[in-house]
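Undergrad: Can you keep this structure in mind? I'll have questions shortly.
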Amino acid sequence: AVVIDVRDRAAYERGHIAGAINVPLAELKRRTAEFAAMKSGEFVVYCGNGSTLGPEGTRALNAAGQPNARNLSGGFSGWKAAGQTVVTGPR
């Protein structure tokens, strides 16, 4: 799956899921056709807490033709609280 962090670059650099790409929400909305054309078809979208930006980004990808885009419940905070791997700095 392609893991997309829709938070701003500063938040991403402070900590993100290993392998995630940073595509802030406004940029993701401008690039939905590009992501819709990706062959992967599996996307995990996350924001800080999984309740605002992540669901909005997921809806944008779904509307663009990627029905398998999913929001990460709990977002980055939930991931970190669960003790999952977090990396810092730019990718």
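Undergrad: Using beta carbons and a limit of 7 Å, which pairs, at least six apart or on different chains, have the first residue in the range 2-14 and open to solvent by 50 Å² or more (accessible area, probe 1.4 Å) and the second one assigned to a strand (DSSP E or B)?
TA: That search, which allows pairs on different chains as well, returns Arg9/Asn22.
Undergrad: I need the full set of residues from the range 15-31 which are more than 13 Å from Gly75 (Cα to Cα) and surrounded by 15 or more Cβ atoms within 10 Å (Cβ to Cβ), in order please. Walk me through it before giving the result.
TA: Restricting attention to the range 15-31, the residues satisfying the condition of being more than 13 Å from Gly75 (Cα to Cα) are 18-19, 21-31.
If the condition is that a residue be more than 13 Å from Gly75 (Cα to Cα) and surrounded by 15 or more Cβ atoms within 10 Å (Cβ to Cβ), then Asn22, Val23, Pro24, Leu25, Leu28, Lys29 are the ones that fit.
Undergrad: OK, next. What number of residues in the range 32-71 are open to solvent by 40 Å² or more (accessible area, probe 1.4 Å), in contact with a helix residue (DSSP H, G or I) (Cβ under 6 Å, 6 or more places away or on another chain) and closer than 15 Å to Val3 by Cβ?
TA: So the count comes out to 2.
Undergrad: For the range 76-91, give me each residue that is assigned to a helix (DSSP H, G or I) and either open to solvent by 60 Å² or more (accessible area, probe 1.4 Å) or closer than 15 Å to Gly19 by Cα (or both). Explain how you work it out, then say what you get.
TA: Initial filter on the range 76-91 (assigned to a helix (DSSP H, G or I)): 76-81.
Correct list: Phe76, Ser77, Trp79, Lys80, Ala81.
The values are calculated or read from the model by the stated rules, or taken from the named source; none is laboratory data. Fair warning: this is a prediction, and the values are worked out from it, not measured in the lab. Positions of Cβ are backbone-derived with ideal geometry, glycine not excepted, and every protein chain shown enters the neighbour counts. Just so you know, the surface numbers come from the protein's heavy atoms only, side chains and all, with ligands and any DNA or RNA stripped out. Shrake-Rupley method; radii C 1.70, N 1.55, O 1.52, S 1.80 Å.
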